[in-house]
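For reference, the structure is listed below as structure tokens.
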């Protein structure tokens, strides 16, 4: 995994795993690799991976079962909420950047629609 | 009992010249530390003080062991394979380690030898720089102990070897052990470090958690490290 040196590593690992859950690469109820295996997979240290996991456990997205390991939550509402949250974050970022260019809401909406049509033409 | 590595009021002089002064440092178990500083800043000296091969003033403790003889059992440091004749074969060096260190885990060494593609039949004199570093890593990590010191393990080696060395560190460092990796170029290891310790002006100039640096100052570790050498930085 390629890390951005400016962003806390535990945060990037968390985001990476959240994306895998939302994309369905990691299914509800699926067991995660061991902490050390995860550390090797992403090339980060065990403590950093542990911190990322602790935050995901606290958020209820990962269930930690003593002696058995860590599992993606079976609660699909939580995954839907997580998806909504990530979408909102991405949209908010794009919206704020366009808003900073003094675009009105209508102009933002139109430029997004325009982009989507153009993009379709290119493909 | 104080677990981890503790240095208090450590000083080291060479003749009339002060190399290190007022060194106070506490590292908790399990951490991977980047020991940074320019060439000649005193990084290797600090490692040699920790192992006891250099003698200075002050107190150094590894998991409460303060006496040099006792401390040596808690620390694994392979100083550039000094003391071996150039004609010595790699497997002879390994046998020496097995004889001398009761905590040397030969199975572990063999796993690393395979992973790092080390050829035991080669003579030390015919090892490339990268191969020598790989051997040093394998020997150092094969001991089961509390503190591992790696002195510039990435100097002059190619990126594939670097990746394998980083992978070995992540794979074989015991959970509670401390690993100190010195380097004068941080970007190659920044992602695996818990904390950085910067040796500058003959002392510990900075000691901070890497993710704290990223969160607090919104900069990368390399940029932060470089800024310490510019006048008027804002990170005081």
Footprinting exposure proxy for A:56, B:16, B:47, B:160 (fewest neighbouring C-beta atoms within 10 Å first): B:16, B:160, B:47, A:56
The distance between the Cα centres of the range B:113-166 and the range B:187-202, in whole Å, is 20
Please report the relative contact order for chain A, taking Cα pairs under 8 Å with a sequence separation of at least 6, and give it as a percent rounded to a whole number. 23
Let me understand the range A:1-55 better: what is its radius of gyration from the alpha carbons, and its Dmax, in angstrom? 10.8, 33
Could you give the distance between the Cα centres of the range A:19-96 and the range B:67-86, to the whole Å? 42
Helix-only mean residue ellipticity at 222 nm for chain B, each DSSP H run of n ≥ 4 adding -39500 (n - 2.57), per residue, nearest 500: -9500 deg cm²/dmol
Using the count of nearby Cβ atoms within 10 Å as a rough guide to exposure, how do B:205, A:3 rank from fewest to most? B:205, A:3
Regarding the protein assembly as shown, what is the average projected area of its C-alpha convex hull, in nm²? 24.5
So what is the relative contact order of the range B:11-135, in percent, for Cα pairs below 8 Å that sit 6 or more residues apart? 17
Gyration tensor on Cα atoms of chain A, a ≥ b ≥ c root eigenvalues, a/c under 1.5 rounded, else prolate if a/b beats b/c, else oblate, says prolate
Mind pulling up the Rg/Rh value for the range B:5-227? Radius of gyration and Kirkwood radius, both on Cα. 0.96
Among A:53, A:32, A:101, which one shows the biggest mean-square fluctuation in a GNM of chain A, springs joining Cα atoms closer than 10 Å? A:101
Normalised contact order of the range B:67-220, rounded percent, pairs of Cα under 8 Å and 6 or more residues apart: 21
Could you list log10 I(q)/I(0) for the range A:77-122 at q = 0.25, 0.32 Å⁻¹, which the Debye formula gives when each Cα is one point scatterer? -0.88, -1.01
Mean per-residue count of partner chain Cβ within 10 Å for B:16-27 equals 0
The exposure ranking of A:20, A:76, fewest beta-carbon neighbours within 10 Å first, is A:76, A:20
So for the range B:98-192, using the alpha carbon gyration tensor with a ≥ b ≥ c as root eigenvalues (a/c under 1.5 gives rounded; past that, a/b versus b/c decides prolate or oblate), I'd call it oblate
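Coordinate-derived values only; no laboratory data. Just so we're clear, the structure is a prediction, and the values are computed from it rather than from any experiment. When we count neighbours, we look across all protein chains shown, and the Cβ atoms used for this are built from the backbone with ideal geometry, even at glycine.
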